[in-house]
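Beneath this line is the structure, given in structure tokens, with notes to follow.
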Amino acid sequence: MSLKLGAHVDQEDPLAEAADRGADLVQFFLGNPQDYKAPKVAYADGEEALRERAAAAGVDLYVHAPYRLNVANTNNRIRIPSRKLLQQTLDKAAEIDVKGVIVHGGHVGDEDDPEAGFDNWRKCIERAELPVPLLIENTAGGENAMARQLERIERLWEAVQASGNDRLENVGFCLDTCHFHAAGEELPSIVEKVLAITGRIDLVHANGSRDEFGSGADRHANFEDGHIDPAHIVAVVAAAGAPVVVETPNADHGQKTDIDYLRSHLN
């Protein structure tokens, strides 16, 4: 099996980071993931140089939207800036010809009706311009999360499909192994179940977990150090058949070790 494999890397020089890991692709932020500032490309030689050099090197680029984004939220002071920043991120990512922008499903407040969050997602997609694919990622914790467990993902997907956006083919799904493990969803059958809901998996975040099954904790581990059987991670990657981003710790070249592990067990 020949799948493109890569890692989440620092944004200053993602191509050097790709070469260091022997990666076919890289994922990175466009700024501080914890604030609402407009996105920018940190690569010293600018957007055009990054786009052209990535293409010449055969390295695919992915952008992860800021963690602060929460387009599901019922609070206008969170939801409206989130929508604005998401669109800005999509537009800036298009300038470097990314293969996708990954965004977390978000959540509503403890006292809110989850249906309000799903409807906010519908409105977001309805109004969004989608110059590049937007990949919604399942999340690890939170009782009122939109994309933590399969029944919520199914409802979220229904809302997205109801948006009527004329570029709906540019809304996809990113499957995170650590997040599903943390959410209490069994990995051996997860690809089949997700495909039954979404009909597609566009990217896999292949991560081990520092915590036990069903913990709700989003703490990634290298494959052979965590609580997920590495064979289950390999099986998810093989079944999904989608490009892979490793978001594991990189101490002692941990990401390269995990990428190499996948390569050796997929062939």
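Step by step: first the residues of segment 158-185, then only those that are acidic (Asp, Glu) and under 19 Å from the mean Cα position of the chain (by Cα), then the one that is least open to solvent (accessible area, probe 1.4 Å). Which residue is that? Please lay out each step first, then the result.
Our first condition is that a residue be acidic (Asp, Glu); within segment 158-185, this holds for 158, 166, 169, 176, 185.
The next check asks that each one be under 19 Å from the mean Cα position of the chain (by Cα); those that pass are 169, 176, 185.
Numbers: Glu169: 106, Asp176: 0, Glu185: 27 Å².
Applying the filter and picking the extreme gives Asp176.
Taking Arg152, is it within 23 Å of Pro81 (Cα to Cα), of a type in the set (Lys, Arg) and part of a helix (DSSP H, G or I)?
Values: within 23 Å of Pro81 (Cα to Cα): no; of a type in the set (Lys, Arg): yes; part of a helix (DSSP H, G or I): yes.
Considered against the rule, which asks whether it is within 23 Å of Pro81 (Cα to Cα), of a type in the set (Lys, Arg) and part of a helix (DSSP H, G or I), Arg152 comes out as no.
Mind listing just one residue for me: the one in segment 42-76 that is outside any loop (DSSP other than H, G, I, E, B) and under 17 Å from the mean Cα position of the chain (by Cα) and, of those, farthest from Asp10 (Cα to Cα)?
First pass over segment 42-76, keeping only residues outside any loop (DSSP other than H, G, I, E, B): 46-57, 60-64, 76.
Keeping just the survivors that are under 17 Å from the mean Cα position of the chain (by Cα) gives 60-64.
Values: Asp60: 15, Leu61: 12, Tyr62: 12, Val63: 11, His64: 11 Å.
Checked segment 42-76; the qualifying residue farthest from Asp10 (Cα to Cα) is Asp60.
Checking the structure you have, find out if any residue of segment 220-230 is among the acidic types (Asp, Glu), within 12 Å of His181 (Cα to Cα) and out of contact with any Ser or Thr (no Cβ under 6 Å at 6 or more places or on another chain).
For segment 220-230, residues among the acidic types (Asp, Glu), within 12 Å of His181 (Cα to Cα) and out of contact with any Ser or Thr (no Cβ under 6 Å at 6 or more places or on another chain): present.
Can you pull out every residue in segment 16-40 that is assigned to a helix (DSSP H, G or I) and either farther than 24 Å from Phe223 by Cα or charged (D, E, K, R) (or both)?
Result: Glu17, Asp20, Arg21.
Taking the options Ala231, Ala238, Ala217, Ala196, name whichever one is aliphatic (A, V, I, L, M), open to solvent by 10 Å² or more (accessible area, probe 1.4 Å), touching a residue at least 60 places away in the same chain (Cβ under 8 Å) and in a helix (DSSP H, G or I).
Of the residues listed, the single one that is aliphatic (A, V, I, L, M), open to solvent by 10 Å² or more (accessible area, probe 1.4 Å), touching a residue at least 60 places away in the same chain (Cβ under 8 Å) and in a helix (DSSP H, G or I) is Ala238.
In segment 241-267, what count of residues is obtained for those that are open to solvent by less than 60 Å² (accessible area, probe 1.4 Å), out of contact with any Asp or Glu (no Cβ under 6 Å at 6 or more places or on another chain) and hydroxyl-bearing (Ser, Thr, Tyr)?
Selection size over segment 241-267: 1.
Out of all the residues in segment 49-56, is one or more in contact (Cβ under 8 Å) with a residue 40 or more places away in the chain, over 24 Å from Ile125 (Cβ atoms) and open to solvent by less than 20 Å² (accessible area, probe 1.4 Å)?
Filtering segment 49-56 down to residues in contact (Cβ under 8 Å) with a residue 40 or more places away in the chain leaves 50-51, 54-55.
Right, trim to over 24 Å from Ile125 (Cβ atoms) and you get 50-51, 54-55.
Filter once more, so that each one left must be open to solvent by less than 20 Å² (accessible area, probe 1.4 Å): 50, 54.
Looking for residues that are in contact (Cβ under 8 Å) with a residue 40 or more places away in the chain, over 24 Å from Ile125 (Cβ atoms) and open to solvent by less than 20 Å² (accessible area, probe 1.4 Å), one finds at least one in segment 49-56, hence yes.
Being farther than 19 Å from Leu156 by Cβ, of a type in the set (A, V, I, L, M), touching a Phe, Trp or Tyr at 6+ places or on another chain (Cβ under 9 Å) and not in a loop (DSSP other than H, G, I, E, B) is the filter here, so list the residues in segment 77-124 that pass it.
Leu85, Ala93
Looking at His181, His205, which one is touching a residue at least 60 places away in the same chain (Cβ under 8 Å) and not in a loop (DSSP other than H, G, I, E, B)?
Checking each option against the conditions leaves just His205.
Here are Thr139, Thr198: which of them is at pLDDT 95 or above, within 24 Å of Val98 (Cα to Cα) and touching a Phe, Trp or Tyr at 6+ places or on another chain (Cβ under 6 Å)? Spell out how you get there, then give the answer.
Values: Thr139 fails: touching a Phe, Trp or Tyr at 6+ places or on another chain (Cβ under 6 Å).
Matching residue, one of Thr139, Thr198: Thr198.
Suppose we filter segment 89-105 for residues that are open to solvent by less than 10 Å² (accessible area, probe 1.4 Å), within 17 Å of the chain's Cα centre (by Cα) and in contact (Cβ under 8 Å) with a residue 40 or more places away in the chain; how many remain?
Residues that pass the stated criteria total 6.
The values are calculated or read from the model by the stated rules, or taken from the named source; none is laboratory data. Bear in mind the structure is a predicted one, so any value in this text is a computation, not a measurement. Glycine gets a Cβ as well: all are built from the backbone with ideal geometry, and neighbour counts include every protein chain shown. Just so you know, the surface numbers come from the protein's heavy atoms only, side chains and all, with ligands and any DNA or RNA stripped out. Shrake-Rupley method; radii C 1.70, N 1.55, O 1.52, S 1.80 Å.
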